[in-house]
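To start, the structure under review is shown below, and the notes come after it.
The values are calculated or read from the model by the stated rules, or taken from the named source; none is laboratory data. Nothing here was measured: the structure is a model prediction, and the numbers come from that model. Positions of Cβ are backbone-derived with ideal geometry, glycine not excepted, and every protein chain shown enters the neighbour counts. Side chains are part of the model used for accessible areas, which takes the heavy atoms of the whole protein and leaves out ligands, DNA and RNA. Shrake-Rupley method; radii C 1.70, N 1.55, O 1.52, S 1.80 Å.
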Amino acid sequence: MFLDAQLRIMFDDNPDGAGIMYFDEEQKKVFIEKGFMTFDELKAYLSAHNLTSTTAVLHFRIGTSGYLNPANCHPFNVYGPNITSGCCDLGMAHNGVLKQYTPPKGTPYNDTQLFIQLYIRKLEKDFQNNRHTLNRIRKAIGANKLAFLDSKGKLTLIGEFKHDNGYIYSNDSYKKRKESAHFDAFDWHDYFDM
């Protein structure tokens, strides 16, 4: 897991809430915990959970659509209701703006939720294991980036990611503090196969 100083930079540069999803080997599920609206909430959760031996996806949000609340933080449960705490079979985090899925201003949900509902859920089950489907998604999202974590512990990334010191980042804003950088980090073990 990241050192507190790195977590602080990521949270401060993306202050609209954070979330995490990680694979639980024992239960064969993806656990989602999100809605950390302060750095101290996130730090307390990470301190109480040893996630160093599993695949974990952290997301730090800059809200572009939808309310700034725990429910709009990433990651999202792909095949079930939007949860702030619980488990699922497939979780997804997103970096970017899906303009064609951006809801009208003042709508409580965000573009990622609409994209999941209107696009991802219409795909065949186990789509993350079909290269042709992944290529279709890649074309549909343009420069956006997606991270899927499934109940087998497989991390599937779509888009261009940065690899650095055993971690995968959705952009290079983690290298230094920026005033308005968007940051997502993906802990990488042996699951990257794109």
Report summary line: Rh (Kirkwood, all Cα-Cα pairs) for the stretch 47-108, Å, reads 13.5
Requested in this report: Work out the length of the dipole vector of the stretch 11-95 about its Cα centre, built from +1 on the beta-carbon of each Lys and Arg and -1 on the beta-carbon of each Asp and Glu, and round it to the nearest 20 debye.
Outcome: 160
Report task. Taking the Cβ of Asn82 as the centre, find all other residues whose Cβ is under 13 Å away and add up their charges (Lys, Arg: +1; Asp, Glu: -1). Result -> +2
Requested in this report: Give the span of the stretch 3-85's Cα atoms along each principal axis, as three whole-Å numbers ordered largest to smallest.
Outcome: 34, 31, 15
Query - Whole-percent carbon and sulfur share, accessible surface of the chain, 1.4 Å - result: 50
**Report entry** Given Lys34/Lys139; Lys105/Lys154; Lys28/Lys99; Lys29/Lys122; Lys34/Lys152; Lys29/Lys105, the pairs whose alpha carbons are separated by over 30 Å
**Finding:** Lys105/Lys154; Lys28/Lys99; Lys29/Lys105
Report summary line: Given a 1.4 Å probe, the accessible area of the stretch 1-133 per residue, as a whole number of Å², is 46
Query raised in the report: Which of the GluC sites (Glu not before Pro) across the stretch 1-44 are loop residues per DSSP, with 14 or fewer other Cβ within 10 Å?
Result: Glu25, Glu26
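Please tell me the relative contact order of the chain in percent, rounded to the nearest whole number, where contacts are Cα pairs under 8 Å and at least six residues apart. Provide the component values of the computation, followed by the final result.
On the way: 405 pairs, mean separation 48.1, N = 194.
Taking the mean separation of contacting Cα pairs over the length of the chain, I get 25 percent.
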Query - Cα-centre dipole for the chain with unit charges at Cβ (Lys and Arg positive, Asp and Glu negative), debye to 20 - result: 720
Query raised in the report: Counting other Cβ atoms within 10 Å, which trypsin sites (Lys or Arg not before Pro) in the stretch 29-113 have at most 13 and lie in a DSSP loop?
Result: Lys105
Query raised in the report: What is the diffusion coefficient of the chain in µm²/s, taking the Kirkwood radius over Cα pairs and the Stokes-Einstein relation at 37 °C with a viscosity of 0.692 mPa s?
Result: 199
Query raised in the report: If you take the charge dipole of the chain about its Cα centre, with +1 on Lys and Arg Cβ and -1 on Asp and Glu Cβ, which of Leu3, Ile137, Ile83 is farthest toward its positive end?
Result: Ile137
